[in-house]
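Read the structure below first, then the notes.
The values are calculated or read from the model by the stated rules, or taken from the named source; none is laboratory data. No experiment lies behind these values; they were computed from the predicted model shown. As a convention, Cβ positions derive from the backbone with ideal geometry for all residues, glycine included, and neighbour counts pool all protein chains shown. Heavy atoms of the whole protein, side chains included, go into the accessibility calculation; ligands, DNA and RNA do not. Shrake-Rupley method; radii C 1.70, N 1.55, O 1.52, S 1.80 Å.
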Amino acid sequence: MIQLLYDLVFNYTLRNVALGSALLGIVSGVLGCFAVLRRQGLLGDALAHAALPGICIAFLLTGSKSPIVLLIGAGIASWLGTLLILRIVNDTRISEDSALGVVLSVFFGFGIMLLTFIAKRNDANQAGLDKFLFGQAAALVASDVALMALLGGVALLIVVLLYKEFKLLTFDPGFALSLGYNTRQLSVLLTSLIVVAVVIGLQTVGVVLMAAMLIGPAVAARQWTNRFSTMIILAGVFGALSGLSGALLSVTQTRIPTGPMVILSMTAITFISIIFAPNRGIFWDWLRRKRHGKNYLQKAMNEWDTQRAAKEGRL
Amino acid sequence: MSSGVVIILTGVLVASACAVLGCFLVLRKMAMLTDAISHAILPGIVAAYFFAHGPNILAGFLGAAIAGLITVVLIETLQNTRRVGNESAIGIIFPAMFALGTFLVSKFFANVHLDTDAILYGNIEFSSLDVLFINGVNLGPQSLWIMGALCIINFSFVIIFYKELKLATFDPGLAATLGFSPVLIHYALMSIVSVTTVGAFTAVGAILVVALMIVPAATAYLLTDRLPRMIMLSVLVGSLSAFLGYWLAMLLDASIAGAMVSVAGVLFGLALLFSPSHGLVARWLRVEEQRNRFASEMLVVHLLNHEGSPEFASENNIHHLRQELRWSDEFTKRVLRRAHNEGLIQQRQDILELTETGRQRAQLVIAR
Amino acid sequence: MSEQAVVRINDLTVAYGEKPVLWDVDLELPEGKLIAIIGPNGAGKSTLIKATLDLIPRAAGSVEIFGRPYSEQRHLVGYVPQRGSVDWDFPTNALDVVMMGTYGQIGWFKRPGKREREWASHCLEQVGMADYANRQISQLSGGQQQRVFLARALAQNAKLYFMDEPFVGVDAMTERAIVDLLRNLRAQGKTVVVVHHDLDSAPEYFDWLVLLNVRLIAAGSFAETFTPENLTRTYGGRMQLLNQASVATEVTR
């Protein structure tokens with residue numbers, strides 16, 4: 001244990017992995033709260049998949065593998081994916097669910113095609129692009145973490161500044177509009193911040209698992225509190241916690257990739273919260289029902305008796 | 001058979017097996033659930049690998065079907081707690097299952113041929129090399145046998161249970177009262193989706209299976225309103241994608257599965273833009289035509305409303321109309337020309353009056 | 001009409017896709033009255049409010065509030081949306097929702113502070129919900145949720161209120177509370193426009209009536225407008241059924 005803490009501070013790889021995962025956890029936890037409450041949880045999944053061709057095209061255009069270039073490409077592609085989803089949902093008969101599925105799979109398939117195209121053209125050079133598929137937290141270097149911190153920091157700062165506006169937008173967009181807020185622009189901004197969270201996550205947990213990074217902490221946090229601000233902070237904490245524990249679990253064991261361990265830690269937190277959180281935990285519901293089930297039935301039957309008697313009396 | 005023919009045939013079989021189910025998935029709004037299943041069957045395959053001590057097709061199918069059903073049940077259980085939104089429930093369960101699968105693979109089978117890359121993009125490229133031997137007899141490429149069988153199973157499923165599927169899709173309540181269990185149909189569909197996914201897995205990989213299920217069906221949905229035609233069209237679009245995708249992949253020397261999905265995406269894009277009934281261009285034209293027709297109707301209704309009233313002269317003045325209806329000069333001119341050409345109005349200096357036809361039209365519009 | 005028209009709607013037309021929902025509505029609403037908008041389902045009642053408040057695009061026409069476009073007069077207008085328009089499982093309490101009414105006047109970036117909190121409590125008190133300030137909103141009854149929405153509109157401190165179906169699905173106590181609140185507002189010289197669909201209670205609760213069925217049928221005081229002829233024109237053939245039904249309930253009582 002002491003050794004682990006020591007490593008966390010002084011071991012370069014472990015420090016980067018742990019810091020990177022924790023950072024991702026915080027950013028996606030916070031932004032996930034808005035996504036989940038706006039019922040857009042799976043948008044993150046589609047955005048993550050849609051990023052892949054952006055990474056490939058950025059590489060094809062610039063020949064650079066520097067993370068900032070690739071992440072900008074990823075961001076733009078995710079963005080286009082979102083616009084396309086909105087257009088399909090608003091202007092055709094296709095449901096939101098199918099629109100997500102179409103954009104997600106087509107963008108991703110296109111990305112795979114580009115990835116293999118690049119791989120066969122310049123053999124040695126492409127190594128590393130495919131780490132975005134599953135994420136490779138172990139390959140994070142200090143500059144990657146710094147970039148994540150910068151992007152995530154800006155996103156979180158905007159959330160802090162526009163907290164009141166985003167909260168109103170999430171709870172009651174119609175009322176926000178009547179107050180004079182430009183809800184369309186606000187909503188585009190909020191989605192862009194979610195794109196930032198997704199982009200940060202690609203290197204760490206990869207495309208497939210990103211959805212859980214947004215949804216898990218928010219769902220878990222909602223269980224423990226009825227205050228929005230507390231929920232956001234808790235989601236950040238849960239995200240960081242699962243990032244950290246996932247990183248530690250994967251590094252202390254051989255051959256275990258970080259991404260899946262982060263997600264498994266998070267799933268554990270989410271399930272514990274859904275089942276055992278005070279008040280909203282379903283276990284307490286179940287216990288109450290079990291204990292009072294019979295009494296409830298008795299009460300209901302008594303009420304029914306009186307109602308029936310009253311009716312018959314009136315007739 | 002040359003490898004090219006085998007690959008195209010495999011692709012067409014995969015696409016057809018997927019597309020025929022895809023129609024019901026799109027109509028039942030279960031695209032993302034399918035996506036979830038395609039990822040979540042990974043631990044099932046790993047478990048099958050473990051229990052069968054190596055790769056075994058039947059065990060793989062069984063494991064995948066079980067994992068698929070477990071996923072569906074878990075998602076529904078989570079949704080029923082009402083603590084979690086429907087889409088969030090999906091987004092919690094399938095990454096967890098996929099992470100579990102990856103964890104198991106890297107923990108116990110790190111050296112075995114079960115790499116996660118292949119799970120995502122498959123290797124249809126090698127389909128002609130994987131040959132099925134029974135009692136030492138070479139029966140040809142295994143992929144053709146598997147996908148052929150799945151095609152037969154899926155088509156028979158849809159044909160035999162067509163009535164039930166259709167009813168359970170459009171009116172689950174009615175289906176239940178008629179004695180078909182929508183729940184049973186739901187789970188049957190989910191199992192067959194899981195089995196198809198695992199069968200197509202080796203050929204095109206997880207996400208591309210989803211693409212071949214959803215994209216051709218969504219394309220067909222943009223082109224027709226009739227279910228049988230939609231099924232046929234989606235099979236056609238899927239097969240065309242497989243066929244053209246192969247040539248595209250050869251041209252670029254890139255992933256065949258990726259190219260197939262890209263072609264499917266292009267076909268979807270074409271339908272999205274140019275479908276005569278539900279495409280964007282047709283929609284824009286219709287909206288524009290509606291706007292014009294609507295404007296002239298608005299004009300006659302406005303004239304009728306103020307006919308004979310004391311403020312008639314001021315309300316029905318051209319300049320006033322521009323102001324009141326907030327139309328641009330150009331638009332106003334166009335509307336007036338249209339109304340005039342249709343014989344709805346006549347103009348006396350700056351004052352507009354309804355003709356008899358115009359009055360009738362206005363009354364019709366109001367009654368509508 | 002004259003200077004005291006609070007809302008002036010000119011030739012307002014709204015369409016959803018192909019279907020016109022409002023046709024060429026001309027309307028002026030007087031100040032200091034309780035005004036009911038009444039009409040059958042699909043008559044465009046909510047649409048009229050939403051188009052007035054720029055929440056949905058207009059196909060044609062213009063709206064003036066106290067003589068100027070709505071975008072310049074927002075601070076004078078309070079809005080109560082339909083209760084079903086939000087997710088009541090949102091993690092927040094009653095007081096917090098009421099404070100949202102002050103957001104428009106706080107300005108960007110700033111947070112509501114102690115004054116806003118106290119003001120919100122005061123507004124909750126006016127709808128008889130002071131004891132529920134810290135209650136999670138999903139744990140409130142339908143009527144209580146409605147009153148929280150009303151309190152939020154009060155927190156906007158407007159001169160003109162638009163309320164979309166506030167009486168739908170509420171208990172008798174809440175109905176009473178809303179009526180008291182409306183009269184209170186009228187006593188303060190404010191104007192309230194309410195989408196309503198109960199003909200029986202309308203004459204008792206309101207002073208002024210707008211009868212709407214895609215087109216404007218009639219608008220004015222109850223004495224002028226609440227006539228069988230106007231009602232038949234508003235509800236069409238359905239009015240006859242309606243009459244028979246009310247006769248039937250009379251008999252059973």
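Of the residues that sit in region B:266-282 and are of a type outside the set (A, V, I, L, M) and within 15 Å of A:Ile85 (Cα to Cα), which one is surrounded by the most Cβ atoms within 10 Å (Cβ to Cβ)? So the residue we want is B:Phe268. For region B:309-368, the set of residues classified as touching a strand residue (DSSP E or B) at 6+ places or on another chain (Cβ under 7 Å) and among the polar types (S, T, N, Q) consists of B:Asn316, B:Asn317, B:Gln346, B:Thr355, listed by residue number. A residue that is open to solvent by 10 Å² or more (accessible area, probe 1.4 Å), closer than 26 Å to B:Arg283 by Cβ, facing chain B (nearest Cβ under 8 Å) and not in a loop (DSSP other than H, G, I, E, B) can be found somewhere in region A:110-131.
If the condition is being modelled with pLDDT under 85, within 14 Å of chain B (Cβ to nearest Cβ), open to solvent by 20 Å² or more (accessible area, probe 1.4 Å) and in contact with a strand residue (DSSP E or B) (Cβ under 7 Å, 6 or more places away or on another chain), then region C:1-19 contributes C:Met1, C:Ala15.
If you go through region C:131-140 and keep only what is crowded, with 19+ Cβ neighbours inside 10 Å and part of a loop (DSSP other than H, G, I, E, B), you end up with just C:Leu140. Out of (1) within 19 Å of the chain's Cα centre (by Cα); (2) open to solvent by 10 Å² or more (accessible area, probe 1.4 Å), what's the single condition that is false for A:Ser273? It is condition (2) that A:Ser273 fails. For region C:101-124, residues that are within 14 Å of chain A (Cβ to nearest Cβ), open to solvent by less than 30 Å² (accessible area, probe 1.4 Å) and assigned to a helix (DSSP H, G or I) total 5. Checked against the criterion of being in contact with a Ser or Thr (Cβ under 7 Å, 6 or more places away or on another chain) and either crowded, with 16+ Cβ neighbours inside 10 Å or not in a helix (DSSP H, G or I) (or both), the candidates C:Gly128, C:Gly143 yield just one match: C:Gly143. Contact map, region C:100-121: residues that are within 21 Å of A:Val159 (Cα to Cα) and at pLDDT below 90 paired with residues that are outside any loop (DSSP other than H, G, I, E, B) and hydroxyl-bearing (Ser, Thr, Tyr), Cβ distance under 7 Å, separation 6+ or inter-chain. Pairs shown: C:Pro112/C:Thr102. For region B:70-81, taking the residues that are open to solvent by 60 Å² or more (accessible area, probe 1.4 Å) and not β-branched (Val, Ile, Thr), the one that is nearest to B:Ala188 (Cα to Cα) is identified as B:Leu74.
Of all residues in region C:31-53, none are part of a strand (DSSP E or B), of a type outside the set (Phe, Trp, Tyr), at pLDDT below 90 and touching a Gly at 6+ places or on another chain (Cβ under 9 Å). Selection of region B:312-360 for residues being in contact with an Asp or Glu (Cβ under 7 Å, 6 or more places away or on another chain) and either in a helix (DSSP H, G or I) or away from chain C (no Cβ under 14 Å) (or both) yields B:Ile318, B:His319, B:Arg322, B:Glu324, B:Leu325, B:Ile345, B:Gln346. Does region A:40-48 contain at least one residue that is among the acidic types (Asp, Glu) and modelled with pLDDT of 90 or more? Yes, because at least one residue in region A:40-48 is among the acidic types (Asp, Glu) and modelled with pLDDT of 90 or more.
When the helices (runs of 4 or more DSSP H) confined to region A:137-240 are screened for residues that are of a type outside the set (Val, Ile, Thr) and more than 26 Å from A:Leu83 (Cβ to Cβ), those reaching at least 3 such residues are found at A:142-161, A:206-224.
Here A:Ser28 passes the criteria (1) within 24 Å of A:Leu234 (Cβ to Cβ); (2) in contact with an Asp or Glu (Cβ under 7 Å, 6 or more places away or on another chain); (3) small (Gly, Ala, Ser) except the one numbered (2).
Is it fair to say B:Gly68 is closer than 21 Å to A:Gly101 by Cα and more than 19 Å from the chain's Cα centre (by Cα)? Criteria met by B:Gly68. Of the strands (runs of 3 or more DSSP E) that lie entirely inside region C:174-236, those containing 2 or more residues that are surrounded by fewer than 17 Cβ atoms within 10 Å (Cβ to Cβ) span C:215-221.
When B:Glu297, B:Glu311, B:Glu307 are checked against the criterion of being among the charged types (D, E, K, R) and either surrounded by 15 or more Cβ atoms within 10 Å (Cβ to Cβ) or under 30 Å from A:Ala99 (Cβ atoms) (or both), B:Glu297 stands alone in meeting it. Checking the stated criteria, B:Ala36 turns out to be open to solvent by less than 10 Å² (accessible area, probe 1.4 Å), within 12 Å of chain A (Cβ to nearest Cβ), within 30 Å of A:Thr254 (Cα to Cα) and modelled with pLDDT of 85 or more.
Output yes when any residue across region A:252-265 is modelled with pLDDT of 90 or more, surrounded by fewer than 20 Cβ atoms within 10 Å (Cβ to Cβ) and either under 17 Å from the mean Cα position of the chain (by Cα) or not aliphatic (A, V, I, L, M) (or both), and no when none is. Looking for residues that are modelled with pLDDT of 90 or more, surrounded by fewer than 20 Cβ atoms within 10 Å (Cβ to Cβ) and either under 17 Å from the mean Cα position of the chain (by Cα) or not aliphatic (A, V, I, L, M) (or both), one finds none in region A:252-265, hence no. The set of residues from region C:59-91 being surrounded by 22 or more Cβ atoms within 10 Å (Cβ to Cβ) and under 22 Å from A:Met231 (Cα atoms) comprises just one member, C:Pro91. Take region B:47-105 and flag every residue that is in a helix (DSSP H, G or I), among the β-branched types (Val, Ile, Thr) and facing another protein chain (nearest Cβ under 7 Å). Matches in region B:47-105: B:Ile90, B:Ile92, B:Thr102. Taken over region B:231-250, the criterion of being among the small types (Gly, Ala, Ser), within 27 Å of B:Val158 (Cβ to Cβ) and crowded, with 22+ Cβ neighbours inside 10 Å is satisfied by B:Ser234, B:Gly238, B:Ser241, B:Ala242, B:Gly245. Selection of helices (runs of 4 or more DSSP H) fully inside region B:127-201 by the criterion of at least 2 residues being touching a residue at least 40 places away in the same chain (Cβ under 8 Å) returns B:142-160, B:162-170. The single condition among (1) of a type in the set (Asp, Glu); (2) open to solvent by 60 Å² or more (accessible area, probe 1.4 Å); (3) farther than 30 Å from A:Phe34 by Cβ that C:Asp26 does not meet is (2).
Close contacts from region B:260-281, counting a first residue that is touching a residue at least 40 places away in the same chain (Cβ under 8 Å) and at the interface with another protein chain (Cβ under 9 Å from one of its Cβ atoms) and a second that is open to solvent by 40 Å² or more (accessible area, probe 1.4 Å) and outside any helix (DSSP H, G or I), with Cβ to Cβ under 7 Å and a gap of 6+ residues or different chains, come to B:His278/A:Arg93. Which of the residues belonging to region B:251-265 are open to solvent by less than 30 Å² (accessible area, probe 1.4 Å) and either among the polar types (S, T, N, Q) or not in a loop (DSSP other than H, G, I, E, B) (or both)? Across region B:251-265, the qualifying residues are B:Ser255, B:Ile256, B:Ala257, B:Gly258, B:Ala259, B:Met260, B:Val261, B:Ser262, B:Val263, B:Ala264, B:Gly265.
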